[in-house]
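Data block below; observations after.
Rule-based calculations on the coordinates, nothing more; no lab input. Fair warning: this is a prediction, and the values are worked out from it, not measured in the lab. Here the Cβ positions follow ideal geometry from the backbone for every residue, glycine too, while neighbour counts run over all protein chains shown.
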Amino acid sequence: MAEGLPSLQPLTPHGGRRMEQAVTAIRAAIDDGRMKPGVRYSVYQLAESLGVSRTPVREALLRLEEVGLIKFEARQGFRIQLPRSTDIADIFAVRLALELPAVRRAAATADPRLTEALRAERALMLDAARTGG
């Protein structure tokens with residue numbers, strides 16, 4: 001039997017596709033800690049909590065399984081997955097490969113007014129960090 005599901009807000013009828021709403025609701029529950037890694041959850045309970053049929057919930061969970069966020073267990077429900085350290089390292093490497101050249105290009109072509117505004121913002125952040133405010 002699946003463990004207790006946290007309180008989730010029912011999906012709104014005018015919020016777009018139910019599957020996309022379910023993905024958003026589940027991700028939010030994972031992000032804010034209402035749904036915990038390793039805990040077994042029931043598709044039936046999740047659908048009931050969200051106030052929708054199982055079909056959009058299953059579709060949302062399949063999408064989340066594709067990105068490695070959840071794992072289905074045969075006839076047992078699903079569990080939230082923690083990323084492996086190798087996954088985190090791979091993501092970090094890709095971000096470095098993409099973001100650093102983009103920042104260099106943006107810095108080389110930045111408008112002088114933008115550059116000055118960013119320097120002023122940086123000074124404010126450094127001051128706030130020094131003073132704790």
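Could you tally the net charge around Ala25, taking each other residue with its Cβ under 12 Å from the Cβ of Ala25, Lys/Arg +1 and Asp/Glu -1? Every neighbour counted, the sum reads 0.
Projecting the Cα atoms of Ala128, Ser49, Gly33 onto the charge dipole of the chain (Cβ charges, centred on the Cα centre) puts Ser49 farthest toward the positive pole. Taking the Cα atoms of the chain, the ratio Rg/Rh between the radius of gyration and the Kirkwood radius comes to 1.16.
What does the net charge come to around Phe72 if you take all other residues with beta carbon closer than 15 Å to its beta carbon, with K and R at +1 and D and E at -1? The answer is +3. Per residue, the convex hull spanned by the Cα atoms of the stretch 18-80 measures out at 74 cubic angstrom. The spacing between the stretch 52-85 and the stretch 99-126, judged by their C-alpha centroids, is 40 Å. Go through Leu114, Ala97, Thr86 and say which Cα lies farthest out towards the positive end of the charge dipole of the stretch 85-131; charges sit on Cβ, +1 for Lys and Arg, -1 for Asp and Glu. Farthest towards the positive pole: Leu114.
The dipole here belongs to the chain: it is taken about the Cα centre, uses +1 on the Cβ of Lys and Arg and -1 on the Cβ of Asp and Glu, and is about 140 debye.
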